[in-house]
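K.L.:
The structure under discussion is supplied below as structure tokens; questions concerning it will follow.
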Amino acid sequence: MRILTTTIILLLTLSIHSKAEVITFDGLTGSNGTPFSGPYNEDGFSITATGAFLEAQAFGNPVPSLFIRNGNTGTVTVTGNTFTFNSFDLAANNGSAFFSIMGLLDGVNIFNIAGFVPQPASGFSFSTITTGTSDLIDTLVFELTPDGTSLNIDNISLTSAVPEPATWLMMIVGFALTGFALRRHERSQTLQL
């Protein structure tokens, strides 16, 4: 019975495992200004974009990142298994940057966040925007509009809420071991009678 209890505790611990991920765009290999539409995959997430997004190899936090020039509005969409959205980095170059973010779960709108990043006092710097939401979603849509030369997005921080394949494998093995232990325990009690 001790084996069964230990196995159940282990399985419950594994089943609620979550893993923090940061989409850094480090896998982008184009030159500065290469058009980006995706899909780009990183850490189990798929990133696509509409509008005139470009790869940034000159400015980033660190580079690479994605950027869009003034006069354009575009969307960046992140999809994956169920996750929570923690934060992201946004930079305004020679102006401010406006953003609107929508979190969806199975196509249903779960939350909306909107705001702006003011023009930095000098130079080009990123601001980390923390969302303050713990809602589970499977799609994240950024609508971004620069009000200056351009804006960059980088370091999208997410926390996966679904076990990874290795965790599922361990759970299946654990269930098999639990079943084996229970059958063996029942058989030994039957023999004792």
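Every number here is computed from the coordinates shown, using simple stated rules; none is lab data. From a predicted model like this one, the values you see are computed outputs, not experimental measurements. Here the Cβ is made from the backbone with ideal geometry for all residues, glycine too, and neighbour counts use every protein chain on show.
K.L.:
Given a cut-off of 16 Å, what percent of all Cα-Cα pairs of the stretch 14-137 lie beyond it?
P.N.:
Within the stretch 14-137, distances greater than 16 Å cover 66 percent of Cα pairs.
K.L.:
Next question. Distance in nm between label sites at Thr50 and Ser122, each 7 Å beyond Cα in the beta-carbon direction?
P.N.:
Distance between the two pseudo-spin positions: 4.2 nm.
K.L.:
Now, a different point. To check my understanding: the extent here is largest minus smallest coordinate of the Cα atoms along each principal axis. What are those three numbers for the stretch 14-84, in Å, largest first?
P.N.:
Extents along the principal axes: 46, 22, 16 Å.
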